[in-house]
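To start, the structure under review is shown below, and the notes come after it.
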Amino acid sequence: MVWAMSKIRVLIVDDHTLLRDGLCALLELVPDIEVVGEAGNGKEALEKVRELVPDVVLMDIEMPVMDGLEAARRMKAYHSGSKVIVLSQYEDSEHVVDAVEAGVRGFVNKTAASTELAASIRSVHGGDSYLSPAAARQLVGQYQRKDHSKGEDSYGRLTNRERDVLKLIAEGKTSQQIADKLVVSRK
């Protein structure tokens, strides 16, 4: 007997109908991903998450009624099963850091290729985090600036192996790619 592989259930949240329609059409072409619903703001997203229980929520940051980061914070507080990926036009350090602090598991720019979007959904669904290369650079840069402002050299305290991992993260490598390159397990 052959069991059908279950699809990754995705909720799309963006205040622009045309963008939601385009994402739905794009993700319909991906065999292991199923769009189960849409919402136009963070408040609607919370209602849809309760109703539909998606695996992954693909969410814009700036929306009316409730922004994506506030919605992500609230989702994390009551429903940790749905993992949030921010889909944003911004990749500055403030937006990336705010998103990570809000509990999102992924950050993808709206200019990303469809293959990157699908890869981010699979990665986050599989338990990893996903940051676009530009977002990873911003996060690493912010971390380094924060430590230098304290007068501490955290980078200098890292082992060579930890520095290798950090460099690969900043390059946008997935956990599996890092494990393969360093010849270690993904865990």
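The values are calculated or read from the model by the stated rules, or taken from the named source; none is laboratory data. Just so we're clear, the structure is a prediction, and the values are computed from it rather than from any experiment. Positions of Cβ are generated from backbone atoms using ideal geometry, with glycine treated the same way; all protein chains shown enter the neighbour counts. Accessible surface areas use protein heavy atoms only, side chains included; no ligands, DNA or RNA. Shrake-Rupley method; radii C 1.70, N 1.55, O 1.52, S 1.80 Å.
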- Task: Just name the residue that is farthest from E91 (Cα to Cα) out of those in the stretch 30-68 that are touching a residue at least 60 places away in the same chain (Cβ under 8 Å) and of a type outside the set (V, I, T).
- Result: D32
- Does the stretch 50-78 hold any residues that are farther than 19 Å from D98 by Cβ and touching a helix residue (DSSP H, G or I) at 6+ places or on another chain (Cβ under 6 Å), and which are they? D55, V56
- Task: Can you work out which of the residues in the stretch 61-89 that are under 11 Å from the mean Cα position of the chain (by Cα) and not aliphatic (A, V, I, L, M) is nearest to G22 (Cα to Cα)?
- Result: S88
- Query: Are any residues in the stretch 85-126 open to solvent by 30 Å² or more (accessible area, probe 1.4 Å) and farther than 21 Å from P31 by Cβ, and if so, which ones?
  - Reply: Q89, Y90, E91, D92, E94, H95, D98, V100, E101, R105, K110, T111
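Is the stretch 62-82 home to any residue that is among the β-branched types (V, I, T), in contact with an Asp or Glu (Cβ under 8 Å, 6 or more places away or on another chain) and open to solvent by less than 40 Å² (accessible area, probe 1.4 Å)?
So far as the stretch 62-82 goes, no, none of its residues is among the β-branched types (V, I, T), in contact with an Asp or Glu (Cβ under 8 Å, 6 or more places away or on another chain) and open to solvent by less than 40 Å² (accessible area, probe 1.4 Å).
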- Query: With respect to the numbered conditions (1) out of contact with any strand residue (DSSP E or B) (no Cβ under 9 Å at 6 or more places or on another chain); (2) among the charged types (D, E, K, R); (3) at pLDDT 85 or above, which one is the sole condition not fulfilled by K181?
  - Reply: (3)
- Item | Matching residues, the stretch 32-45, being open to solvent by 20 Å² or more (accessible area, probe 1.4 Å) and either of a type in the set (G, A, S) or closer than 10 Å to A118 by Cα (or both) | D32
